[in-house]
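Derivation of every value follows stated rules applied to the coordinates shown; laboratory data play no part. This structure is a prediction, so every number in the text was calculated from the model and none was measured. All Cβ positions, even for glycine, are placed from backbone atoms using ideal geometry, and neighbour counts span all protein chains on display.
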Amino acid sequence: MARAVAAKGIPPSIRVELAHAAVCLLAQRAGVDLLVVKGPGMDPLVAFDGRASSDVDVLVRPDQVGRFLDIARVHGWSARDRFETGSPFGHSTTLFNPTWGDLDVHRLIPGIGVAADDAFEVFWSQRIQVTLAGHPCPHPEPAAQALVLVLHAARSEGSPRAIRDVAHAWAGAPARRQADILALVDRFDAHVAWAAATGGLEAFRDDPTYRLWAVSSRGGGRLEEWRARVEAEPSWRGKVAITVRAPLVNTDHVAMLLGRRPTRTEILVEFVDRFRRGAVELATRRGRSRQ
């Protein structure tokens, strides 16, 4: 959720639209290819009526992410987390600007199985322009918008908003739109994540990413999540790296909760508490297995 911003008195919907225009203008001036993947510019058949946005979500051409982050920092955006700590998928980093609020910079869309560069090129080649606050902002075409929104719902642990997103963008879409969306699911090899959001995930129990999408879509404990992340990682080196990081404190997440960087004592307390919570989770799981 975005923090309070300096532009007091401006309705949130207007600030968010202005923020989208500012981000798009910044990218265009820097020569960075960027797509707005959610927000006020979504097609009405994708976003249900009244679906509000509090931040800016963008997908950046993967080999231009570093350049965009550097330019954003020069213009007053500061990092709130890193790709490695932002989510189990390592897909985005959140920046904050005291005027515009939060900006989620995606380098990939979780659930898409093809290479991030290839996926971006497909999105980019079929992009549309939506005018926000008087400025043209590139967006994926409507079927691609729907795909991105449903894949996001797949990792929202069944939240009411995610359920409503799927109902509107997918179940309530016209037959022609549904056919276009399913064609993208095939093209992007997004079948497992799609099933996690729309039903049928159990058909993919043998897929190495099954457990990760099960936890992401239904919820689960931290031990379940880390086990799922190890199983989903294709390389042994990656599996080892994830296992080593598992007991460490995510200081970026703690900082977001506190509103400041944690002290060494607070990090130590959180480190000890992680093991306590893990022990409780193990005991609970064993108790259920005996029932």
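If you sort the three axes of the alpha carbon gyration tensor as a ≥ b ≥ c, you get a/c of 1.5 or more for segment 43-111 and a/b no higher than b/c, which makes it oblate. The reciprocal of the average 1/r between distinct C-alpha atoms defines the Kirkwood hydrodynamic radius, which for segment 160-212 equals 11.9 Å. Normalised radius of gyration (Cα atoms, divided by 2.2 N^0.38 Å) for segment 137-192: 1.09. With a Förster radius of 45 Å applied to the beta-carbon distance between ASP49 and ARG82, the computed FRET efficiency rounds to 0.80.
Of the two radii for segment 93-192, the radius of gyration is 0.98 times the Kirkwood radius, both from the alpha carbons; that is the Rg over Rh value. If every alpha-carbon in segment 1-152 counts as one equal scatterer, what log10 I(q)/I(0) does Debye give at q = 0.10, 0.13, 0.18, 0.22 1/Å? The Cα Debye sum returns log10 ratios of -0.31, -0.54, -1.11, -1.73. Close amide H pairs (under 5 Å, H built 1.01 Å from N) link ILE128 with HIS139, GLU141, residues at least 5 positions away or on another chain.
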